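A.B. asks: This is the structure, below, for whatever I ask next.
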Amino acid sequence: MGDESAFAELYDRHYLSLYALAYKIVMDATEADAVVNEVFDHVKVKAQQLDDFPGSAHAWLAEVARNRARGALRAREWPTRSPLAGSPNV
């Protein structure tokens, strides 16, 4: 029960700032929400990493959110990129 209430408090405290961060990267409301939900799914699995992180909980969550948002952006852009773009042999 304590873990659930702690998780709910963490979610309530950080959701909006993480959403804003993700939105700045992906520029899509639905995708930003999905990124933040992935972050909190990650927290459920990797809570020990949060305990071991030398900075604040928000700094760790923001780092995870940035990485997930950038990954979502890369995944979205991947089909439009030519595999040979920028290759000097083309």
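Every number here is computed from the coordinates shown, using simple stated rules; none is lab data. A quick note: this is a predicted structure, and the numbers were derived from the prediction, not measured. Here the Cβ is made from the backbone with ideal geometry for all residues, glycine too, and neighbour counts use every protein chain on show.
A.B. asks: I'd like the FRET efficiency for K24 and K46, computed as 1/(1 + (r/R0)^6) with the beta carbon distance as r and R0 of 35 Å, rounded to 0.05.
C.D. replies: About 0.90, to the nearest 0.05.
A.B. asks: With charges set only on the Cβ (+1 for Lys and Arg, -1 for Asp and Glu), what does the dipole of segment 17-73 come to about its Cα centre, in debye to the nearest 20?
C.D. replies: Taking the Cα centre of segment 17-73 as origin, the dipole is about 120 debye.
A.B. asks: Can you give me the relative contact order of segment 17-73 as a percent, contacts being Cα pairs under 8 Å and 6 or more apart?
C.D. replies: Computed value for segment 17-73: 50 percent relative contact order.
A.B. asks: Further question on the same structure: Could you work out the mean projected area of the convex hull around the alpha carbons of segment 17-73, in square nanometres to one decimal?
C.D. replies: 3.4 nm²
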